[in-house]
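Presented below is the structure to which this report refers.
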Amino acid sequence: MPTKLIVDCSTGETTEVELTAEEIAQREADAAAFAEAKAAEEAEAQAKAQAKAAAEAKLAALGLTAEEIAALGK
Amino acid sequence: MATTYEAIATVTVGSGGAANIEFTSIPQTYTDLSVMLSLRTNRNTDSDFVEVTVNSNSSNYTYRYVRGSGSATESYTETLAFWEIHRANAATSTANTFGNINLYIPNYAGSTNKSAYYDGVNENNATTAYAYLGALLWSNTSAITSIKFEPGAGTTFNQYSTATLYGIKNS
């Protein structure tokens, strides 16, 4: 059974407490939801970076210099 | 010279892992708090986020962070039901290594909103190894009496993960 650690700073005692079935279910649901949200966030960031790189490559193919492309982003 | 930096409590996760680590009954006699974390979770990837809640409260947390990922520099701003700090190592990071985070909370016992900051690194012998700096705000004027840490996407902290709470005095 998973446990949680509670440190009482007034006494220095650490207590290991078993999670209830409800706490376990909630923790697993929270973790899954968080992982999904973070995966979506990171996929979006990656897609933006790839789109930026693709746009820069197209501009370079049109004849813009690296300095000219960089100036567009400022 | 007066001692201004004191370890209040420390905890090491045992063989069964831990779903969370919580410091309670934090003394209100210091100026600032600092928590040094060395963490690894069971998330099935190379790193994990860490959720922080104070006083068992789940609202009014805001944070902004910048990071180097090994291949880019990026920044994010979010408002969630907790502070998200970074990063713990996870199941596929280099074996027997842990992510390290230092969370610093000034004026934790005061009656104004609580600003804080953290720095953290994901120790990984690979291209992707994150380094973070983050600014945090809890828009609540209550004094901080407890702090809880939970894995973001994993379900437990692994054995040998540690957390140490320090109190800092101004004299």
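Where a number appears in this text, it was derived from the coordinates with a stated rule and is not lab data. Computed from a prediction, not measured in an experiment: that's the story for all the values here. Reconstructed Cβ throughout: ideal geometry from the backbone, glycine too, with neighbour counts over all protein chains shown.
Straight-line reach from B:Lys169: which aspartates and glutamates fall under 17 Å, measuring Cα to Cα and dropping same-chain residues less than 8 apart? List returned: B:Glu6, B:Asp32. Per-residue mean of foreign Cβ neighbours for B:148-155 is 5 (Cβ atoms of other chains, 10 Å radius). Coupling constants for region A:16-25 follow from the phi torsions by the Karplus curve (6.51 cos²θ - 1.76 cosθ + 1.60, θ = phi - 60°), and in residue order they are 9, 10, 5, 6, 6, 4, 5, 5, 5, 4 Hz; glycine and proline get x. Normalised Debye scattering of the protein assembly as shown at q = 0.14 Å⁻¹ gives log10 I(q)/I(0) of -0.93, counting only Cα atoms as equal scatterers and leaving out solvent. Peptide A:34-43 is shielded by partner chain Cβ atoms: per residue, an average of 4 of them sit within 10 Å of its Cβ.
Put the Cα centre of region B:90-104 next to the Cα centre of region A:12-27 and the gap is 23 Å.
Across peptide A:45-51, the mean count of Cβ atoms from other chains lying within 10 Å of each residue's own Cβ comes to 1. Pairs of lysine in chain A with Cα under 19 Å and at least 8 positions apart or on different chains: total? Pairs that pass both the separation and distance tests number 5. For chain A, the Kirkwood estimate of hydrodynamic radius, built from reciprocal distances between every pair of different alpha carbons, is 17.1 Å. The residues packed around A:Met1, meaning those with a beta-carbon under 15 Å from its beta-carbon, carry a net charge of -3 if Lys and Arg are +1 and Asp and Glu are -1.
Here the 3J(HN,Hα) profile of region A:43-48, calculated from phi with Karplus coefficients 6.51, -1.76 and 1.60 at θ = phi - 60°, is 5, 5, 4, 5, 5, 5 Hz, Gly and Pro shown as x. When peptides B:47-57, A:48-58 are ranked by their average number of other Cβ atoms within 10 Å per residue, the highest-first order is B:47-57, A:48-58. For region B:1-128, what percent of Cα pairs sit more than 25 Å apart? Every Cα pair in region B:1-128 considered, those over 25 Å come to 31 percent.
Let me make sure I get this right: for region B:11-77, a, b and c are the square roots of the gyration tensor eigenvalues over alpha carbons, sorted descending. Under 1.5 in a/c it's rounded, otherwise prolate if a/b > b/c, else oblate. Which is it? In terms of gyration-tensor shape, oblate. Note that region A:53-63 has calculated 3J(HN,Hα) couplings of 5, 5, 5, 5, 5, 5, 5, 5, 5, 7, x Hz, one per residue in order, obtained from phi through the Karplus relation 6.51 cos²θ - 1.76 cosθ + 1.60 (θ = phi - 60°); glycine and proline are x.
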